[in-house]
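Asks: There's a structure below that I have some questions on.
Nothing in this text is a laboratory measurement; each read-out follows from the coordinates by a stated rule. Given the structure is predicted, the values throughout are model-derived calculations rather than measurements. Positions of Cβ are backbone-derived with ideal geometry, glycine not excepted, and every protein chain shown enters the neighbour counts.
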């Protein structure tokens, strides 16, 4: 799956939340996300522009755990890239497997995320601990399909929201000063 | 976790099944297991004696998927080794993540396994497609704890079952002629 994604740094969320309601976006949920990033021993994901992480999300009485691989970004405008995810039952054992395979824990990124849906787009308002507040708009496109239309639509949504600058291609990991 | 395990090639299961009943072992279930093994690009798990696999087990209407890493064997007698497992929700995406990280599909091993419990030991009767029939006895020991007692008890169980030879340290993968 290709994740077509554009991120923008913003000053506050209040105007944006109003716009989202006007546009008919649906608030889905708020969640706290703790992402542990790993790096390889034989290549630097900061250089190859890949990412490997275990995400922990507190849910009801337990936690949801997701292992995610992200490939290198595919254009110069956005954060569009291959993304593969799998839910796992145990983050500690998953980390132990990765470490045994030669990966190293690189950094932890935590954020509070509010998630909205607008048609096939996911709009998130992220308060990234230590890195500020951001809006992300993303949608999924099948492998091999053209991403131009989706990308144009994302920039249209930003425009409607009154956001025309502050676009940011660096990951939260990079913005926090850690290797990607 | 350390998996203390001894495997033996046997001629038939009928006497063994009788012995298991006499010994008070409890039959837990029969299951079909399909194991896809992966190898690394930077080292040969056949040489380092590690293993990385995705196991698929049909269950009810769906499938259970388990990712397992096994470290090198820790003695010359048995298959005792570090084992780390995590349940995953999607074997295809897990395989795709591993392949993106540089691992390669090495082989698929399929077997029919009958699982018995006897105290803290798991006894399995395995019909391995293409490699014959085997009994495995295993138990888990915490990392860092001594495994001698468990190993002696496993050989005692084998003796009670009337099995005193045919012990096999090679994995099913090796027995099938594929790299470990």
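Asks: Based only on Cα atoms, what mean projected area does the convex hull of the protein assembly as shown have, in nm²?
Replies: Mean orientational projected area (the protein assembly as shown, Cα hull): 20.8 nm².
Asks: Moving to a separate point now. Work out how far the C-alpha atoms of segment B:105-180 reach from end to end along every principal axis, then list the three figures in whole Å, largest first.
Replies: Computed over segment B:105-180, the largest-to-smallest principal extents equal 35, 31, 21 Å.
Asks: Compactness ratio of segment B:34-77: Cα Rg over 2.2 N^0.38 Å, N = residue count?
Replies: With N residues counted in segment B:34-77, Rg over 2.2 N^0.38 Å equals 1.44.
Asks: Let me ask something additional. Ranked highest first by the average count of other Cβ atoms within 10 Å around their residues, in what order do B:51-64, B:142-155 fall?
Replies: Highest to lowest by the protection proxy: B:51-64, B:142-155.
Asks: Measuring from a point 7 Å out along Cα→Cβ, what nm distances, shortest first, does residue B:165 have to its partners in the other copies?
Replies: Relative to the other copies, residue B:165 has label-point distances of 8.5 nm.
Asks: Going by the alpha-carbon gyration tensor, a ≥ b ≥ c the square roots of its eigenvalues, is segment B:1-94 rounded (a/c under 1.5) or, if a/c is not under 1.5, prolate (a/b greater than b/c) versus oblate?
Replies: Cα axes put segment B:1-94 in the oblate bin.
Asks: I've got another one for you. Round to a whole angstrom and tell me the spacing of the C-alpha centers of segment B:5-58 and segment A:60-100.
Replies: 29 Å
Asks: Something else: One decimal, nm, shortest first: give the distances between the label point of residue B:30 and those of the same position in the other copies, each label point 7 Å from Cα along Cα→Cβ.
Replies: Nearest first, the other copies' label points are 5.4 nm away.
Asks: Can you tell me the orientation of helix A:14-23 relative to chain A, as the angle in degrees between its alpha-carbon axis and the longest Cα principal axis, to the nearest 10?
Replies: 70 degrees
Asks: What is the mean number of Cβ atoms from other protein chains located within 10 Å of the Cβ atom of each residue in peptide A:84-96, rounded to a whole number?
Replies: Counting other chains' Cβ atoms within 10 Å and averaging over A:84-96 gives 6.
Asks: Across 5 Å bins from the origin, how do the percents of Cα pairs in segment B:47-126 run, short distances first?
Replies: For segment B:47-126, the binned pair fractions read 3, 11, 16, 24, 22, 14, 7, 2, 0 percent.
Asks: Also, I was wondering about something else. What value, in deg cm²/dmol to 500, does the helix sum -39500 (n - 2.57) over DSSP H runs of n ≥ 4 give at 222 nm once divided by the residues of chain A? Mind dumping the intermediate values first?
Replies: Details: 5 runs with 41 residues, N = 180.
Calculated mean residue ellipticity at 222 nm is -6000 deg cm²/dmol.
Asks: For chain B, what are Rg and Dmax over the alpha carbons, in angstrom?
Replies: Cα-based Rg and Dmax for chain B come out at 16.3, 50 Å.
Asks: Cut-off 10 angstrom, C-alpha nodes, Gaussian network model of chain A. Which of A:135, A:47, A:108 fluctuates the most?
Replies: A:47
Asks: Would you calculate the separation in nanometres between label points at residue B:43 and residue A:21, each defined as 7 Å from the Cα along the Cα-to-beta-carbon direction?
Replies: Using points 7 Å along Cα→Cβ, the separation is 5.7 nm.
Asks: Measuring label to label, 7 Å along Cα→Cβ, what does residue B:60 give against each other copy in nm, shortest first?
Replies: 1.3
Asks: Could you tell me the relative contact order of chain B? Use alpha-carbon pairs under 8 Å, at least six residues apart, and round to a whole percent. Walk me through the numbers on the way to the answer.
Replies: Values: 355 pairs, mean separation 59.8, N = 180.
Computed over chain B, the figure is 33 percent.
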